[in-house]
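Each remark here refers to the structure printed beneath this line.
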Amino acid sequence: MDDLLLYFAMKYEGDFRKMYVAITTKESIDNEILREYKKQVKHKYVTVMSHNYPEYFKSKNCPPIVLFYKGNLELIDKDLPKEYSILENGKRFISTVIPIEQNGKFIFDYVVGAESQEDLEKMLEHLKSKGLLMKNYDKPKKKQMER
């Protein structure tokens, strides 16, 4: 089921209404295109069917069917101030931060989520432009062996 939801999220760029129609009308999927979409996924994501889908959304009207995110997904369910808003393109995003101490310095643990990868990337760029010390969720790059 996650593959089906990912397929529609990628095909319709996170547009809730288009995805909902595709699901309710049992629109068929092209498995070859699904394989291509999976190769294009750059960020972690959860679907409404995922075991770790945030409880916060379960009480919302029309929750995100697929949420692409970066950061600590568990922060969404914490009792923290968060912003859950609509972007200019009509798609939704969520973000929250919490200060934590790491190696004797204060940094921010965070989560940023959006209904499309493109919107998530824009939100992450905006966050970087603020110059805050953020917890690093990037995967470490493999070190090249010296010859």
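Quick notes on this one:
- Given +1 at the Cβ of Lys and Arg, -1 at the Cβ of Asp and Glu and no other charges, the dipole of the chain around its Cα centre is 460 debye to the nearest 20.
- The stretch 6-13 - phi-based ³J(HN,Hα) in whole Hz, Karplus 6.51/-1.76/1.60, Gly and Pro as x: 4, 3, 5, 4, 6, 4, 9, 6
- Each residue of the stretch 41-50 was assigned a 3J(HN,Hα) from its phi angle through the Karplus expression (A = 6.51, B = -1.76, C = 1.60, θ = phi - 60°), giving 5, 10, 10, 5, 8, 10, 10, 4, 8, 5 Hz with x at Gly and Pro.
- Distant-in-sequence amide contacts of Arg92, defined by a placed amide H-H separation under 5 Å and a gap of 5 or more residues or a different chain, comprise Leu87, Glu115.
- Lys, Arg +1 and Asp, Glu -1 on Cβ, resulting dipole of the stretch 7-80 about Cα centre, debye, nearest 20: 120 debye
- Positive dipole terminus of the chain, leading residue within Ile107, Thr96, Leu124 (C-beta point charges): Ile107
- The ranking of Glu88, Glu83 from fewest to most other beta carbons within 10 Å of each one's beta carbon is Glu88, Glu83.
- Cα-based shape type of the stretch 62-108, given that a ≥ b ≥ c are square roots of the gyration tensor eigenvalues and the cut on a/c is 1.5: prolate
- In the chain, the calculated helix contribution to ellipticity at 222 nm averages -9000 deg cm²/dmol per residue, counting -39,500 (n - 2.57) for every DSSP H run with n ≥ 4.
- Gaussian network model of the chain, Cα within-10 Å springs - most flexible of Thr25, Thr96, Thr47: Thr25
- Volume of the convex hull of the chain (Cα atoms only), normalised per residue: 155 Å³.
Any read-out appearing in this document is the output of simple, stated calculations on the displayed coordinates, not a laboratory observation. Please read all numbers here as calculations on a predicted model, not as lab measurements. Positions of Cβ are backbone-derived with ideal geometry, glycine not excepted, and every protein chain shown enters the neighbour counts.
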